[in-house]
Amino acid sequence: MTRLAVLYSTLLGIGYTPFAPGTMAALVTLPFGYFLLLYFGAGGVALAGFVIFVTGIWASGAHAKSIGRNDPGTSVIDEVAGQLYAMLPIAATGSIADGTQIAAAFVLFRFFDIVKPWPISRLERLHGGVGIMADDLAAGLVSAVILYAVLNWWVM
């Protein structure tokens, strides 16, 4: 079961990328998120993000425990959940074909995930997989709120 958890947590090995594994995982998530937006709308993205978040708690916790680290850099499933939530406002504009919105969701998410301003940084202190996943979820939600505000201001 640990092997499955590590495979899932590392996003089939993307977490072992030698340079910026979290950024690589977020980039790989963009086409998946676009597909979900296109065919299932915001509800599909939110549901997928939730399922990945919940299963990611188990997988990243098991992965961290198996290698004896609190938040291993190779665990990147948290980036997938966070990036999906950052993309939610794109569905609200009704124009998911605009690549600039997807790029903005990516840049915002990576900024908040890397910088981790308070209170996002406090969530890393939570125990096990919850701590690994929660800060990225928060970064994605903060990114979504900002993107939603910008898109509504820009479109209106």
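Since every read-out is calculated from the coordinates, none of them should be taken as a lab result. Here the structure is a predicted model, which means the values were calculated and not measured. Heads up, the Cβs are rebuilt from the backbone with ideal geometry, glycines too, and the neighbour counts pull from every protein chain shown.
Structure notes:
- Binning all Cα-Cα separations of the range 48-123 at 10 Å, short to long from zero, yields these whole-percent fractions: 18, 41, 31, 9, 1.
- Over the chain: helical MRE at 222 nm, DSSP H runs n ≥ 4 each giving -39500 (n - 2.57), nearest 500: -26000 deg cm²/dmol
- If you wrap the range 1-138 in the convex hull of its Cα atoms and look at it from every side, the mean projected area works out to 7.8 nm².
- For the peptides 5-16, 111-122, the ranking by mean Cβ contacts within 10 Å, running from highest to lowest, is 5-16, 111-122.
- Couplings for the range 38-44, taken from phi via the Karplus curve 6.51 cos²θ - 1.76 cosθ + 1.60 with θ = phi - 60°, read 5, 9, 10, x, 4, x, x Hz in order; Gly and Pro are left as x.
- Computed from label points 7 Å out along Cα-Cβ, the spacing between HIS127 and ALA46 is 3.1 nm.
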